[in-house]
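Taking it in order: structure first as C-alpha cells, then the write-up.
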Amino acid sequence: MDSKPPLFLRLIPVALVVAGIAAVFINRDSIDARGIVAWVQSWGAVAGLAFAALHIAGTMVSVPRWALALAAGALFGVAGGLFWALLGTLAGASLAFHLARYVNAGAIVPHALPKIGPWIARAEAGGWRTIALLRLTPIPGALVNYGLGLSSLSWRQFALGTLIGSLPYAAIFVQAGAAGRLAMEDGLDAARDPLLIAGAIGIVVLALSFLVRRKETR
C-alpha cells in the first residue's frame, strides 16, 4: 500500500513557496531592515512573536538573513535580537527541511542526480559539522535547507549544524542593528562597542569562509 501523500497535497506547499520566493525576488529592492522594524513595531505587545513568524516565513522564501538580523538587533537589542534571530532561523530552516521530505516522499533519489548527489553525500558524511560550515558560505540558506531535506541526515544533525553555523552571521548583523539603534538614541559613541564586536566577528567569519572554500576546491 502506497503511504505517500497525494500529489495535489504535495504540490500545494510547493506552489506557496515558489510564489513566496517570486514575491521576494520581485520586491527585493524594497525589502530592508527599516521596513521590517516598522512592521514588527506595529504589533505592539506581541512584536516578538510577530518577528518570529515573519522570520520563519522569510527563511522559507529566501528573505535576506542580514536584513532580518539587522531588524532583530534594532528591535530587541543584542541579547534579545540574537535570541529571536536564531529562533526564527532554526524554526524556518527546520520547516523547509521537513517540507522537502514531505514533498519528495521518495520520488527523487538525490544521490543519482549528477550535481546534487555528490554535495548531499558529502553533507551526510560530515554530519552537523558540514552543515555548520555550509552556513558560513554565500550559498542561499533556502537552497541549503531544501537540499538537505532530500538527504538522510537526521533533524538533530541538521538543527545542531544550523544553530552553530548561523550564530556568527546572526551575531554580526544583530550587533550592527543594535549599534544603529544606540546611535540614533544615544549618539555615535554609544554604538562604538557593538560595531567593533560586529567587525571582529566579521573578520573571523571571512577567514573561516575562505578556509572552507579553499578546502572545497582541493
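The values are calculated or read from the model by the stated rules, or taken from the named source; none is laboratory data. Quantities reported herein were computed from a predicted structural model and do not represent experimental measurements. Note that each Cβ is placed from the backbone with ideal geometry, even for glycine, and that neighbours are counted across all protein chains shown.
What do you reckon, is Ala19 exposed (fewer than 14 other Cβ atoms within 10 Å of the Cβ) and either within 19 Å of the chain's Cα centre (by Cα) or at positive phi (or both)? Against the criterion (exposed (fewer than 14 other Cβ atoms within 10 Å of the Cβ) and either within 19 Å of the chain's Cα centre (by Cα) or at positive phi (or both)), Ala19 qualifies. Here Ser94 passes the criteria (1) in contact with a Phe, Trp or Tyr (Cβ under 8 Å, 6 or more places away or on another chain); (2) modelled with pLDDT under 90 except the one numbered (2).
Out of all the residues in the range 143-155, which are surrounded by 16 or more Cβ atoms within 10 Å (Cβ to Cβ), not in a loop (DSSP other than H, G, I, E, B) and not aliphatic (A, V, I, L, M)?
Within the range 143-155, Asn145, Tyr146, Gly147 qualify.
Could you check, for the range 178-199, whether at least one of its residues is modelled with pLDDT of 75 or more, within 12 Å of the chain's Cα centre (by Cα), of a type in the set (A, V, I, L, M, F, W, C) and closer than 28 Å to Ala57 by Cα? No, there is no match, as no residue in the range 178-199 is modelled with pLDDT of 75 or more, within 12 Å of the chain's Cα centre (by Cα), of a type in the set (A, V, I, L, M, F, W, C) and closer than 28 Å to Ala57 by Cα. Restricting the range 123-142 to residues that are touching a residue at least 40 places away in the same chain (Cβ under 8 Å) and assigned to a helix (DSSP H, G or I) leaves a set whose member that is farthest from Ala171 (Cα to Cα) is Ala142.
Candidates are the residues of the range 143-176 that are hydroxyl-bearing (Ser, Thr, Tyr) and in contact (Cβ under 8 Å) with a residue 24 or more places away in the chain; the one that is nearest to Val103 (Cα to Cα) is Tyr146.
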